[in-house]
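Working notes, beginning with the structure itself.
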Amino acid sequence: SIPIAKQLASIKALGQGSDLEKAFATVALVYNNNADPEGKLSRAETKSLLQTQFGHFIQGQENKPKYQEIISDLDGEPENKIDFEDFMMTLVMLTLMSDLLQEIKNVKTTK
């Protein structure tokens, strides 16, 4: 498999892309690299992908009811697959509840 950085570099439109554009392109590439030919992920694959690729955001969230709800939803009905839109919504929900988000907000932006 081709590394994400190399895949990003091959997208001409991102040559002068902003950090935000590159961040979203990275999410799309990670998703697409793991999706089936129909462009979807099984619930188990989604859960695994979140644990391996989003671990710092979900670390320490295990006792939060909303986190438990999201993860238990991924444990249910394996035949119902996750599309990119649902994957992005899950990322946003997990990010908003994350302790890491607060740490990011506290990063100094000036010297």
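The values are calculated or read from the model by the stated rules, or taken from the named source; none is laboratory data. Computed from a predicted structure; not experimentally measured. With ideal geometry, Cβ positions are generated from the backbone for all residues, glycine too; neighbour counts draw on all protein chains shown. We work out accessible area using only protein heavy atoms, side chains counted, and drop any ligands, DNA or RNA first. Shrake-Rupley method; radii C 1.70, N 1.55, O 1.52, S 1.80 Å.
For segment 20-36, taking the residues that are over 27 Å from ASP99 (Cα atoms) and of a type outside the set (S, T, N, Q), the one that is nearest to the chain's Cα centre (by Cα) is identified as ALA35. In the set GLY39, GLY17, GLY60, only one residue is among the small types (Gly, Ala, Ser), out of contact with any Ser or Thr (no Cβ under 7 Å at 6 or more places or on another chain) and within 18 Å of LEU100 (Cβ to Cβ); that residue is GLY60.
Remark: pairs (first residue in segment 1-25, more than 22 Å from GLU85 (Cβ to Cβ); second residue surrounded by 11 or more Cβ atoms within 10 Å (Cβ to Cβ) and not polar (S, T, N, Q); Cβ separation under 9 Å; 6+ apart in sequence or on different chains) = GLY15/ALA9. When the residues of segment 1-59 are filtered to those that are hydroxyl-bearing (Ser, Thr, Tyr) and open to solvent by 40 Å² or more (accessible area, probe 1.4 Å), the one that is farthest from SER72 (Cα to Cα) is SER10. On the basis of being touching a His at 6+ places or on another chain (Cβ under 7 Å) and either charged (D, E, K, R) or surrounded by 11 or more Cβ atoms within 10 Å (Cβ to Cβ) (or both), does LEU100 make the cut? So LEU100 fits the description; yes.
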